[in-house]
Amino acid sequence: MGNFVFGQDHLSGFNMMSFTYKMTPKWMAYVELQTRARRNYTVIDYYETKGGVGYNITKNNQVFVGIGRYGTYEKMKISQEEFRMWLQYTFTQRLGKLKLDHRARAEQRFFYASQTGENTKANRFRYRLSASLPINKDKIQEQTFFVNAFEEIFLGPEDPNFKRNRTFAGFGYQFNNSLSVTSGYMFQREFAAKGNDNFHFLYFALNFTIDSTDDEKDFVIPMVD
């Protein structure tokens, strides 16, 4: 079957907790904590801690600057650490109740291989088209069921130029003005010169929001990142 053989034939774990603080109608801050169990669903072997600041140029156009720290483990020992900076732009469209987000991101990545002491760096470019659809209301607000999905591609200047793609489908519930929960399935394919790896993630997220503005509530649900 060649490249179509799964790198894994079991579910992996992908857990996230996010915090959004909307300071004004224009400015927001965001923090995200993440763990993954890639090789064994019961063993965490990857983490992310990241955050940044976003600015709404207009209602449908946002820019965001972020930084993050990332760690990968092999056999319970840290094998790679990464520091990352990125700049992104998001354009939002609405088709009735359906909300579409086009997100483009440029990343600068700095790696440290703990076992060899080697330092490397790379840049990467990402595009994601995501969709959110409230079920029992016209928009996502208190006591709203919703479904969401996305497709994302990852590109880079070094071979192979097509680095990764992700496909996600999930559902969730916005309990109140402060808390939502999301769950779903994500397929991720990693492309490499020596062969491809496929991951099947079972995803779960808790999303906390603090909104100190008087804007009419229409929550943005953070997706797999």
Provide the gained length on full extension for the span Ala113 to Ala192, in nm with one decimal, where the gain is 0.36 nm per separating residue minus the Cα-Cα distance.
26.6 nm
Residue by residue through the range 32-48, which ³J(HN,Hα) values in whole Hz follow from phi under the Karplus form 6.51 cos²θ - 1.76 cosθ + 1.60 (θ = phi - 60°), with glycine and proline marked x?
9, 10, 8, 10, 9, 10, 7, 8, 9, 4, 9, 10, 6, 10, 7, 9, 9
Residues of the range 90-115 with amide N under 15 Å of a point placed 7 Å along Cα→Cβ from Tyr55
90
HN-Hα J couplings of the range 153-170 from phi, Karplus 6.51/-1.76/1.60, θ = phi - 60°, integer Hz, Gly and Pro as x?
10, 10, 10, x, x, 9, 6, x, 5, 8, 8, 6, 9, 10, 10, 10, 9, x
Relative contact order of the chain: what whole-number percent is it, with Cα pairs under 8 angstrom and at least 6 residues apart?
18
Starting at the first residue of the range 85-96, write each ³J(HN,Hα) from the Karplus equation 6.51 cos²θ - 1.76 cosθ + 1.60 with θ = phi - 60°, in whole Hz, x for Gly and Pro.
10, 8, 10, 9, 10, 10, 10, 10, 10, 10, 10, x
Please build a GNM for the chain, connecting alpha carbons under 10 Å apart, and tell me which residue among Gly156, Gly172, Gly117 fluctuates the most.
Gly117
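Size of the dipole of the range 121-163 about the Cα centre, Lys and Arg at +1 and Asp and Glu at -1 on the beta carbon, nothing else charged, in debye to 20? The partial results should precede the final answer.
Details: 7 positive and 6 negative charges, 28 e Å.
About 140 debye.
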Would you mind listing how long the range 2-211 runs along its three principal axes, going by Cα atoms, in whole Å with the largest first?
50, 33, 29
Unsatisfied cross-links (Cα-Cα over 30 Å) in the set Lys75/Lys194; Lys99/Lys163; Lys97/Lys163; Lys77/Lys99; Lys26/Lys139
Lys97/Lys163; Lys77/Lys99
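Computed from the coordinates by the stated procedures, all read-outs in this text should not be read as laboratory data. As the structure is a computational prediction, the values presented were derived from the model and not from experiment. Here the Cβ is made from the backbone with ideal geometry for all residues, glycine too, and neighbour counts use every protein chain on show.
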